[in-house]
Amino acid sequence: MDVYAEQSINNDGIDRHGKRTKILTIVRYVCVAAVVIFFFLFWLLPAQEKGGNIALQFLMNFLFCFFMAVPFVLAFIFIGKFINRTNLEFDYYLNGDLFRVVKVVNRKKRKKFVEIGLSTFQSVGRVTSEAYERYASFKGIKNEIAFCEVEDENEIVYIYYVVEGVPHLLHIQPDEVMLMSIRRGIPRISVLDKSLSMPVKKSPVATEKKEDENK
């Protein structure tokens, strides 16, 4: 029987720091405007001085405009990376043997982050377990972070897998439904670390259903 589940990891910081993001976006536009101004300034500067070397003057104009524009180009790049890094959200999809993580940037741009089969999982557990420390210390391991802000480290689950000889350590924040579905879909029970027996953050649907039953 195929297993299907999906989960969205929301980033409350996007709304909390919305004003900061708008200001930084405006700064990026200012950087673009500055680079454009220096580009036109390069063509407007005199290309020849009386008795001077045209080629040398042309080169000096170019170097002047280039070095003046570099800080604005770097600021544009680094501010963009900061905005993207702090405005990330994730969607998890489990369909049969396929587990996919989609990265959502600024709640607009969607990009596939990870797509692997459950059959490739070699170990699944919590980052607070001893097994995690062992895998994290592997030389050349590729860490993949697919969660937002968390209050309790026990909510973070690691997935260790190897693709084309490269070890990967994927970090996710599954709710009860997603984790249960992963457990059901994994072909080998030995893959599951004993740390998974600890309770996890319940999904809103499961929590509401339990409250209704207790009434």
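The values are calculated or read from the model by the stated rules, or taken from the named source; none is laboratory data. These numbers come from a predicted model, not from an experiment. Cβ atoms come from the backbone with ideal geometry, glycine included; neighbour counts cover every protein chain shown. Ligands, DNA and RNA are excluded from the accessible area calculation, which covers all protein heavy atoms including side chains. Shrake-Rupley method; radii C 1.70, N 1.55, O 1.52, S 1.80 Å.
Using the Cα centre of the range 5-125 as the reference point, and only Cβ charges (+1 on K/R, -1 on D/E), how large is the resulting charge dipole? Debye, rounded to the nearest 20.
280
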Inset, instruction - For the range 58-132, build the charge dipole from Cβ charges (+1 Lys, Arg; -1 Asp, Glu) around the Cα centre, then report which of 87, 72, 121 sits farthest towards its positive end. - result: 72
Legend entry - Ellipsoid semi-axes in whole angstrom, largest first, where each is sqrt(5λ) of the Cα gyration tensor of the chain: 50, 21, 14
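State the percentage of accessible surface on the chain attributable to carbon and sulfur atoms; use a 1.4 Å probe and exclude ligands, DNA and RNA.
Here carbon and sulfur together make up 60 percent of the probe-accessible area.
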Legend entry - About the Cα centre, charge dipole magnitude for the chain (Lys/Arg +1, Asp/Glu -1 at Cβ), debye: 740
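With every protein chain left in place, what is the accessible area per residue of the chain in square angstrom, probe 1.4 Å?
Value returned for the chain: 65 Å² of accessible area per residue.
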Legend entry - Degrees separating the helix 204-214 axis from the principal Cα axis of the chain, which is the longest one: 30
Inset, instruction - Run the quick spin-label model on residue 112 and residue 166: label points 7 Å from Cα toward the beta carbon, then report their separation in nm to one decimal. - result: 1.5
Legend entry - Computed E for residue 176/residue 68 - FRET, C-beta separation, R0 41 angstrom, nearest 0.05: 0.15
Inset, instruction - Could you pull out the trypsin sites (Lys or Arg not before Pro) across the range 132-164 that fall in loop regions by DSSP (anything but H, G, I, E, B) with no more than 14 other Cβ atoms inside 10 Å? - result: 139
Inset, instruction - Holding the Cα-Cα limit at 23 Å, pick out from 19/111; 22/81; 103/142; 81/109 the pairs that are longer than that. - result: 19/111
Inset, instruction - Calculate, in nm to one decimal, what residue 188 and residue 20 gain on full extension: separation in residues at 0.36 nm each, minus their alpha carbon distance. - result: 55.8 nm
